[in-house]
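Here the structure comes first, spelled out in structure tokens, and everything after it is commentary.
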Amino acid sequence: MPRFAANLSMLFTEVPFLERFAKAREAGFTGVEYLFPYDWPAEQLAEQLRANGLTQVLFNLPPGDWAGGERGIACLPGREAEFRAGVEQALDYARALGCRQLNCLAGLQPEGLDGLIARETLVANVRYAAGRLAEEGIMLCLEAINSRVDMPGFLLDTSEKVIAVIEEVGADNVRLQYDLYHMQIMEGDLLRTAERLLPWIGHIQFADNPGRHQPGTGEINFSRVFAELDRLGYHGWMSAEYRPSTITEGSLGWFEAARQAS
Ligand SMILES: O=C(O)[C@@H](O)C(=O)CO
Ligand SMILES: [Mg+2]
């Protein structure tokens, strides 16, 4: 069975953030991830992980002004110093939480900015971050996010674009964050694509489409996808990153089915 993690930014939102760790453990998860840890002291988060026997699977580098609409600053010229400071902040948290992978959000391409400049900026920032993370044995993920429904203007909206950046950066510790929900919207053909991209994939997230709800609410055949990823030898984490269409505990039928299938 794949190693399943709960994304606490989307699951168990019925309770305050720090109480979601226990909910995840009670539901049978062994790992958790969330968008950002920065609003809480690292020690408080580490204590929740310890108390519940959970692995911190992933979180994102600081994204810039998230409330103001920014979705990462890695492609924004002039923000390099802020990006580098964010890498250090993320590393401090990763050390405290024992987290072995961090995701870098590429950002939205500003209107009027030449795409080539945005991409060059991104490549330079990713190269810098990869170097710093490599010193601590941490993997850097780059997520492809759909620009059709959720994030119009997101610079890296296909797996092909992410891989082109990874190849140009040329560092061993940079991998694709393959989110089945986003990639179903942008590319489809999930099984063949996952097989082809397996050597590049460092982390997987999932939600059904349309709606971004739990498996079983949309068009993706999750039992087939999970079985196939297992067969292909994917050994990374698979994070449930969906908005439950009901109370979270009531949305976990897919998890029980996966456990029974294994
Ligand atoms: O898919 C997503 O939305 C997340 O993985 C993320 O980190 C940015 O919103
Ligand atoms: Mg995702």
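The values are calculated or read from the model by the stated rules, or taken from the named source; none is laboratory data. In this text the structure is predicted, and so the values were computed from the model without any measurement. So basically every Cβ, Gly included, is an ideal-geometry build from the backbone, and we count neighbours across all protein chains shown.
Laid out as a table, the results:
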read-out: Single residue of region 231-246 satisfying the filter (in a loop (DSSP other than H, G, I, E, B) and within 16 Å of ligand 1 (Cβ to nearest atom)) that is farthest from the chain's Cα centre (by Cα); value: Pro244
read-out: Residue in region 195-204 that is touching an Asp or Glu at 6+ places or on another chain (Cβ under 8 Å), within 16 Å of ligand 1 (Cβ to nearest atom), within 25 Å of Ala24 (Cα to Cα) and assigned to a loop (DSSP other than H, G, I, E, B) present; value: no
read-out: Any hit, region 128-147, residues being hydroxyl-bearing (Ser, Thr, Tyr), away from ligand 2 (no atom under 16 Å from the Cβ) and touching a Lys or Arg at 6+ places or on another chain (Cβ under 7 Å); value: yes
read-out: Hits in region 159-169 (condition: in contact (Cβ under 8 Å) with a residue 12 or more places away in the chain and farther than 17 Å from Glu195 by Cβ); value: Lys161, Val165, Ile166, Glu168, Val169
read-out: Complete set of residues in region 173-194 that are of a type outside the set (Ser, Thr, Tyr), outside any helix (DSSP H, G or I) and under 13 Å from Met238 (Cβ atoms); value: Gln177, Asp179
read-out: Filtered residues of region 212-232 (kept if small (Gly, Ala, Ser) and in contact with a Gly (Cβ under 7 Å, 6 or more places away or on another chain)); value: Gly216, Gly218
read-out: Among the residues listed as Glu249, Glu219, the single one being assigned to a helix (DSSP H, G or I), in contact (Cβ under 8 Å) with a residue 12 or more places away in the chain and surrounded by fewer than 21 Cβ atoms within 10 Å (Cβ to Cβ); value: Glu249
read-out: Options Ile204, Ile247; residue that is farther than 20 Å from Val123 by Cβ, within 14 Å of ligand 2 (Cβ to nearest atom) and among the aliphatic types (A, V, I, L, M); value: Ile204
read-out: Candidates Phe255, Phe226 - the one that is crowded, with 19+ Cβ neighbours inside 10 Å, assigned to a helix (DSSP H, G or I) and among the aromatic types (Phe, Trp, Tyr); value: Phe226
read-out: Some residue of region 47-56 being hydroxyl-bearing (Ser, Thr, Tyr) and in contact with a Leu (Cβ under 6 Å, 6 or more places away or on another chain); value: no
read-out: Wholly enclosed strands (runs of 3 or more DSSP E) of region 1-117 bearing at least 1 residues over 25 Å from Glu256 (Cα atoms), in contact with a strand residue (DSSP E or B) (Cβ under 6 Å, 6 or more places away or on another chain) and within 16 Å of ligand 1 (Cβ to nearest atom); value: 55-60, 101-104
read-out: Output for region 131-173, where each listed residue is of a type in the set (A, V, I, L, M) and either more than 16 Å from ligand 1 (Cβ to nearest atom) or at pLDDT below 95 (or both); value: Leu133, Ala134, Ile138, Ile163, Ala164, Val165, Ile166, Val169, Ala171
read-out: Residues of region 1-25 that turn out to be closer than 27 Å to Glu228 by Cα and either modelled with pLDDT under 95 or away from ligand 2 (no atom under 16 Å from the Cβ) (or both), as a count; value: 5
read-out: Region 205-230, residues that are of a type in the set (D, E, K, R) and within 15 Å of ligand 1 (Cβ to nearest atom); value: Asp208, Arg212
